[in-house]
Amino acid sequence: MDMKKMQVSGVIVLALCAAAFVQDPKPKKAPGPLVTFHGEKSAIDKTRYVKVKDKEAWAKLWCEHIGKPFGRDYSWFYNPLNVPSIDFAQCMVVAVFQGSKWNSAGVRVVEVLDADQLTLRFDDFAFQTAGPDGGGVRNRPFGIFVLARSDKVIVLEENVQGRINHPPKWQERGKL
């Protein structure tokens with residue numbers, strides 16, 4: 001093989017190796033939550049984001065959320081606090097607690113994007129009120145989402161755009 005062909009072959013090999021390391025810059029839409037729990041009355045009164053990958057941590061979080069104590073001798077057979085059963089071999093839980101907030105009926109997932117990390121985009125179930133001083137309602141909204149298990153970092157982004165019929169504006173809130 002002459003020198004020119006070897007140089008061209010070397011450039012082609014380098015290009016192919018570089019292409020193998022280039023990631024797809026556009027994340028793909030991933031399946032959303034398998035199950036969602038949301039509402040406006042969590043016992044957790046501070047903003048918090050949690051990823052849970054095991055039964056015991058899940059039971060502790062659930063009990064904290066409903067304002068009940070969880071003990072080491074908890075009866076999984078009778079399950080008196082109705083801790084939802086989750087298959088942690090296949091699933092994980094991502095929970096968003098918004099702390100004390102005005103006029104929200106909970107948190108919903110807008111989309112999940114999959115690339116070298118998972119991006120979970122969420123928004124409020126917000127509502128408007130009227131009355132003296134605006135008639136607002138103070139609550140503690142939450143969203144608890146059961147997703148397919150993943151070992152990827154999860155980036156949480158909240159829609160902070162507050163106008164009706166305007167495109168979302170995503171702001172990173174945390175990484176799990």
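The values are calculated or read from the model by the stated rules, or taken from the named source; none is laboratory data. Nothing here was measured: the structure is a model prediction, and the numbers come from that model. Cβ placement follows ideal geometry from the backbone for every residue including glycine, while neighbour counts extend to all protein chains displayed. With ligands, DNA and RNA removed, areas are computed over all heavy atoms of the protein, side chains included. Shrake-Rupley method; radii C 1.70, N 1.55, O 1.52, S 1.80 Å.
Table for the structure above
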item: Sorted peptide list for 69-79, 103-113, criterion being average Cβ within 10 angstrom, highest first; result: 103-113, 69-79
item: Cut-off 10 Å between beta-carbons: net charge of the residues surrounding Asn103, Lys and Arg +1, Asp and Glu -1; result: 0
item: Difference of contour (0.36 nm per residue) and Cα-Cα distance, Ala126 to Phe70; result: 17.0 nm
item: Global geometry of region 98-149, whether rounded, prolate or oblate, following the gyration tensor of its Cα atoms and the 1.5 cut on a/c; result: prolate
item: Cα shape, region 54-95, gyration tensor, a/c 1.5 rule; result: oblate
item: Approximate spin-label separation Gln90-Trp102, in nm, with each point projected 7 Å along Cα-to-Cβ; result: 4.4
item: Spacing of the two label points (7 Å from each Cα toward its C-beta) at Glu111 and Phe77, in nm; result: 4.9
item: Sulfur and carbon atoms: percent of accessible area, region 53-176 [1.4 Å]; result: 49
item: 23 Å Cα-Cα threshold exceeded, pairs from Lys29/Lys60; Lys29/Lys152; Lys29/Lys175; Lys28/Lys51; result: Lys29/Lys60
item: Dipole magnitude of region 23-176 about its Cα centre (Cβ charges: Lys, Arg +1; Asp, Glu -1), debye to nearest 20; result: 120
item: Per residue, in Å², the accessible surface of region 91-148 once ligands and nucleic acids are set aside, probe 1.4 Å; result: 41
